[in-house]
Amino acid sequence: MSRVFLANETSLDRKVVLKLLPRELAAAVMLDRFRREIQLAARLQHPHILPLFSAGEVDGLPYYTMPFVNGESLRKKLGQGGGGLPITDIFRTLREVASALTYAHRCDIVHRDIKPDNVLLSHGSAMVMDFGVAKAIQAATRERDEVLTSEGFAIGTAAYMSPEQSAADPGTDHRSDIYAFGAMAYEMLTGSTPFSGRSRPAMLAAHLVEKPVHISQRRPDTPPNLAQLVMSCLEKDPRNRPQDASDLIDALDEYRENGGSTSNDHRRHEPSIAVLPFANLSAEPESEYFSDGISDEIISALSSIPSLRVAARTSSFALKGRGLNVREIADQLNVDSVLEGSVRRAKTRVRIDTQLINASDGYRLFSERYDRELEDVFAIQEEIAKSIVAKLEVSLTGAQQQALGERQTGNLDAYEHYLRGRYIWNGKRKLPVAIQHFSEALKHDPNYALAYHGLADSYCALGLYAFLPQSAMMDLARTAAARGLELAPSLPETRTSVGFVQILDWDWAGAESTLRSVIAKHPRHALAYAWLAWLLSNLDRPAEAMAAAVRGNELEPLAPVVNGVAALVHYHAREYDKAIDHCERALELDPVSFIGLLTISLSYSHEGRHDRAISYAEESARLSPSVVFLQALLGVVYAMAGDRPKAEEVLTSMKLRAHTDYVAPILLAWVYAHLDQVDLAFECLDRAYAERSCTLALGIRAPMYDPLRLAPRFKILLKNLGLS
């Protein structure tokens, strides 16, 4: 129904797809009605829906725009195989399309043209495009021009049209999409549509009266329950199909939980557990790092078992001190069982009490006390992990059994310093002190991979938030990350640290490859999804970025950094209300989350809610008066609110401070840009580029750079960063 172009949207300097209706169809379309319908569809925001950006007309021809996705269509993938696709690929794609349909239908938008051509595949993820476009054209078509339908401009594609759509039934609803979903699934399984090889009129007639050949006859290896689902979608009467797209998701999830089994009798249940931070009962309150560390190590050991779902550390620890009972904790973390415990340490002795509780009935599955010498702490952790595996009846391979007992270090002093460093890192306080402890750990055990991981992440954080000159930080971060990966290439932590370094090093392709390799081997490692979402957002791939952010958030809904990155992705996409929602969650969990404070202040500013923006920025500057990053944020927010004197006051303070302390030039550029001092802003950005500022990786495409975006020098900067 359109001609398709790849275009450059000059106002935002990004590639977009532009679809232009042909003249013979445009003549029948009422432009205002078409534009209104497109605007309704543009409200859809879902990781598996390609959003619509805008609509307009030129020389009487209506057009609309959408993001450019570097991938291929499902149609092309089907054409490559010469037959049906692998069952695992089919399941994943159908699940994602069903998710998109569920969301759109609940927003009262029906697609009306579901087919392989309208499903894009990019890096293994499916995105449905052109939602609402068929309805927009149909709703905007003048009645006197309905003859267009007979001339080949019927709304929909004959091979996938439901019987009611083929008959032009005015009562056609969302169940028509479910029929088209079934026709597309049929083609994915068998290599052809139910009534392929016929003329268009014959095909429409077949949809009305003819029953398609059962999939089991066309592809005998199709699991019966999957075949039955597809055939039920192809029922002639809409009342006999699944009534809601969420029913498709339920059926596909049941198929997955059965492990592809053909019978519900063999349905497998995946055990799940949350390990809560152990209570510190030692005489010294500062020993909390040790009790937290015990919990952390047990989580790490259990997370190595693919058949056991373990709530992530940040999510479990986020509930610390909330006064929730076991059932409430299990509901929030979506687990069946909870491990809680306490640690009492006295000189060279340690006592650890644990109990594993079934969340559904509060029944204690086991309760153990370990009263040992401190040096036995490693053996205790292994025993606890093995007891959990036994009680939850988790089957282990020989390699998994061995991995459960693996220790990253056997040196108690190294372990102590690592736990202290990680405790400080998790609180995001005094990073130089965390670095000291990680370094001390390595003095006691030079082959302690996790200590290198801690060092790399700490140096990255100091560079990202511009605490110290970038070049010095990144050299140290690179070295630490590389050594950690060399020592423990199978740990997701060490490989994710490498990806973090690569993002800050502007190695976009390397970072994407590294993070996707983590996700492939450790599909529940939420931080890898978060860093990938941040990276893809920088690369101007918003739909993919959103999908990665959503998945990371599903895995760790209570992690401040995961919520912070999700907020940043929404902010980059100019979805300020959603950015604010994620920021509020991040700040509830970590009141001084830099990324949360930055994003919520800027989002409120862009919405014109300057009082709220200033309130957050002033509070962040008050909480951390020595952090120049937050001072710069305050200057930007004042400038965006039109309070030039206060913005200039902040700028003057930053410039004075630069005489004695390090003040990153990019932070000055932020304030200059919003004071309309464009030349000075670019001078600072040039200096930031020259020193390879990793703060540039925070999001050069972010709306905060809008005052500079149209300048030719900005396009040069993007090109130099490899982002043009």
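The values are calculated or read from the model by the stated rules, or taken from the named source; none is laboratory data. Quantities reported herein were computed from a predicted structural model and do not represent experimental measurements. Cβ sites come from the backbone with ideal geometry, for glycine too, and all protein chains shown count toward neighbours. SASA here: full protein model, heavy atoms, side chains in, ligands and nucleic acids out. Shrake-Rupley method; radii C 1.70, N 1.55, O 1.52, S 1.80 Å.
Each residue in segment 345-383 was checked for being over 23 Å from ASN411 (Cβ atoms) and surrounded by 17 or more Cβ atoms within 10 Å (Cβ to Cβ), and 5 pass.
Quick one: which residue in ARG516, ARG495 is under 17 Å from the mean Cα position of the chain (by Cα) and at pLDDT 85 or above? Of the residues listed, the single one that is under 17 Å from the mean Cα position of the chain (by Cα) and at pLDDT 85 or above is ARG516.
The residues in segment 42-87 that are out of contact with any strand residue (DSSP E or B) (no Cβ under 7 Å at 6 or more places or on another chain), of a type in the set (S, T, N, Q) and touching a residue at least 60 places away in the same chain (Cβ under 8 Å) can be counted, and the count is 1. Out of curiosity, is LEU356 touching a Phe, Trp or Tyr at 6+ places or on another chain (Cβ under 9 Å), outside any helix (DSSP H, G or I), within 14 Å of SER387 (Cα to Cα) and in contact (Cβ under 8 Å) with a residue 12 or more places away in the chain? For LEU356, the condition - touching a Phe, Trp or Tyr at 6+ places or on another chain (Cβ under 9 Å), outside any helix (DSSP H, G or I), within 14 Å of SER387 (Cα to Cα) and in contact (Cβ under 8 Å) with a residue 12 or more places away in the chain - is met.
Counting the residues of segment 266-300 that are open to solvent by 20 Å² or more (accessible area, probe 1.4 Å) and among the small types (Gly, Ala, Ser) gives 3. A single member of LEU504, LEU515 is in contact (Cβ under 8 Å) with a residue 60 or more places away in the chain, crowded, with 23+ Cβ neighbours inside 10 Å, out of contact with any Lys or Arg (no Cβ under 7 Å at 6 or more places or on another chain) and not β-branched (Val, Ile, Thr), and it is LEU504. You will find that of ASN334, ASN358, ASN325, the residue that is at pLDDT below 85 and touching a strand residue (DSSP E or B) at 6+ places or on another chain (Cβ under 8 Å) is ASN334 and no other. Please go through segment 324-378 and give me each residue that is under 18 Å from LEU302 (Cβ atoms) and aromatic (Phe, Trp, Tyr), ordered by number. Across segment 324-378, the qualifying residues are PHE366, TYR370, PHE378. Residue check: SER246 meets all listed conditions (1) under 33 Å from the mean Cα position of the chain (by Cα); (2) of a type in the set (Ser, Thr, Tyr); (3) crowded, with 17+ Cβ neighbours inside 10 Å but one, namely (3).
Of the residues making up segment 549-577, just one is open to solvent by less than 30 Å² (accessible area, probe 1.4 Å), more than 25 Å from ASN426 (Cα to Cα) and part of a loop (DSSP other than H, G, I, E, B), namely GLU575.
Screening segment 675-707 for residues that are charged (D, E, K, R) and within 25 Å of SER603 (Cβ to Cβ) and picking the one that is surrounded by the most Cβ atoms within 10 Å (Cβ to Cβ) gives ARG701. Against the conditions (1) surrounded by fewer than 24 Cβ atoms within 10 Å (Cβ to Cβ); (2) in contact (Cβ under 8 Å) with a residue 40 or more places away in the chain; (3) assigned to a helix (DSSP H, G or I), MET546 satisfies every one except (1).
Applying the condition of being of a type in the set (A, V, I, L, M, F, W, C), farther than 19 Å from PHE366 by Cα and touching a residue at least 12 places away in the same chain (Cβ under 8 Å) to segment 307-343 and asking which residue is surrounded by the most Cβ atoms within 10 Å (Cβ to Cβ) yields ALA311. In segment 603-659, counting only helices (runs of 4 or more DSSP H) that sit wholly within it, the ones holding 1 or more residues that are over 22 Å from VAL678 (Cβ atoms) and open to solvent by less than 50 Å² (accessible area, probe 1.4 Å) span 610-623, 628-640.
Among the conditions (1) touching a residue at least 60 places away in the same chain (Cβ under 8 Å); (2) out of contact with any Phe, Trp or Tyr (no Cβ under 7 Å at 6 or more places or on another chain); (3) more than 30 Å from THR599 (Cα to Cα), LEU419 misses just one, which is (2). Taken over segment 660-674, the criterion of being closer than 18 Å to LEU464 by Cβ and either part of a helix (DSSP H, G or I) or open to solvent by 50 Å² or more (accessible area, probe 1.4 Å) (or both) is satisfied by ASP661, TYR662, PRO665, ILE666, LEU667, LEU668, ALA669, TRP670. Number of residues in segment 683-724 that are assigned to a loop (DSSP other than H, G, I, E, B) and over 21 Å from LEU630 (Cβ atoms): the value is 9. Residue count for segment 269-287 under the criterion of being outside any loop (DSSP other than H, G, I, E, B) and at pLDDT 85 or above: the result is 6.
All of (1) open to solvent by 20 Å² or more (accessible area, probe 1.4 Å); (2) closer than 23 Å to ALA185 by Cα hold for LEU74 with one exception: (1).
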